[in-house]
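Taken together, the values in this text are just the output of simple stated rules run on the coordinates, not laboratory data. Please read all numbers here as calculations on a predicted model, not as lab measurements. Counting neighbours? That spans all protein chains shown, and the Cβs are built from the backbone with ideal geometry, glycine included.
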Amino acid sequence: MARGKGILAADESDASAGKRLAMVHLPNNPENRQDFRELLFTAPSIEDYISGVILYDSTIRTGTDDGIPFPDVLIAKGIIPGIKVDLGTMDLHGFKGELVTQGLDNLSERFAEYYDFGARFAKWRAVITIDDDELPTDEAIEMNAVILARYAQIAQEAGIVPMVEPEVLFAGDHSITKAELVTTKTLQILFHNLQKYRVDLSGLILKSSMVLAGDMHNEQSTPEEIANATLRTFHMSVPHEVGGIVFLSGGQTPKRSVENLNAIAKLGEQPWPITFSYSRALEEPVLMTWQGKPENISKAQEILLYASRMNSLASLGEYDTKKDSKLN
Ligand code: 13P
């Protein structure tokens, strides 16, 4: 949670990494996944704007072409390696359209191994879906919250900082008011369970969605409205001891993500440090520039540095959209 820095989420599962590579027509094989991660992690000076990188199981076990393990590449730059430990979602039986996250089995043993690889924080993503008046159900929120609390306990027992991510999906045609109600309720239930199960909130990071209208909704809000709704939500639900709050980009464009973060930071100091932890909003411009071609690597790394610097400025409320001609 270093001031002016954010966290890169490079923790796509192998299947999700394939979706990213498909955007530039690259096959989803270990070589392309490794090349892309190597490009990201070796980008010169990213440590000026990035304090942590979340890795995936197969990535933490891989390294550069020269054989340096990826966690060691990051540690040498002063960047803290993190690890995604959930094993994805499955249908919540009996609750049509709702999901529960898997991966608690053997988690202590997995944490011990990841700790040896150098991981010092971890991420677990739960998914909350909004659909008109029906979803989410209280039961789906509660089930995911209890599982997030158990994961956070096991992480802290292993000496690893848990990042808890109840992602309220942006997909849909709900209003910003609905998103605010659902996010507030989700976070209230989550923190109730984290406290009930005695998780140390000072050693925990919340990874949250920004509060936005659904992507299909006819009325989209301004960054100022989004900033106000998002901070109102946090003040209604997040205890002040929490170590920090980071945002996922959730399918927003790089431009919207940076503008909204800036508007949030412009509202002034909050009880928690707040910054970005994006995957798509940082990686997409890099992929588009790289296109899988070795001759584009340095240009692609420059774009990563640029996008990270813009978001670093935004985390301080100092981003100027008029001066930024590169993020769309
Ligand atoms: P996006 O920024 O692409 O939403 O990803 C962040 C993340 O960690 C999702 O789990």
| task | Send over the semi-axes of the chain's equivalent ellipsoid, whole angstrom and largest first, taken as the square roots of 5 times the C-alpha gyration tensor eigenvalues. | result | 28, 24, 19
| remark: Looks like the stretch 162-253, by Cα gyration tensor root eigenvalues a ≥ b ≥ c and the a/c under 1.5 rounded cutoff (else prolate when a/b is bigger than b/c, oblate otherwise), is prolate
| Taking F41, F276 and counting other C-beta atoms within 10 Å, the order from fewest to most | F41, F276
| task | State, as an integer percentage, the relative contact order of the stretch 13-131 based on alpha-carbon contacts under 8 Å between residues 6 or more apart. | result | 21
| Sequence of F247, F170 once ranked by neighbouring C-beta atoms within 10 Å, starting from the fewest | F170, F247
| task | Could you work out which residue, out of N193, N32, N106, moves most in a Gaussian network model of the chain, that is, has the largest mean-square fluctuation with Cα springs under 10 Å? | result | N106
| query | What are the principal axis extents of the Cα atoms in the stretch 238-320, in Å, biggest first? | reply | 47, 23, 18
| query | So how do 223-236, 290-303 stack up, highest first, on mean other-Cβ count within 10 Å? | reply | 223-236, 290-303
| For the stretch 189-328, how big is the tail of P(r) above 24 Å, as a whole percent of Cα pairs? | 37
| message | Sort 70-81, 118-129 by the packing proxy (mean of other Cβ within 10 Å over each peptide's residues), most packed first. | response | 118-129, 70-81
| request: Find the relative contact order for the chain and round it to a whole percent, using C-alpha pairs within less than 8 Å whose residues are 6+ positions apart. | output: 18
| query | Sorted from fewest to most neighbouring beta carbons within 10 Å, what does the list V182, V168 look like? | reply | V182, V168
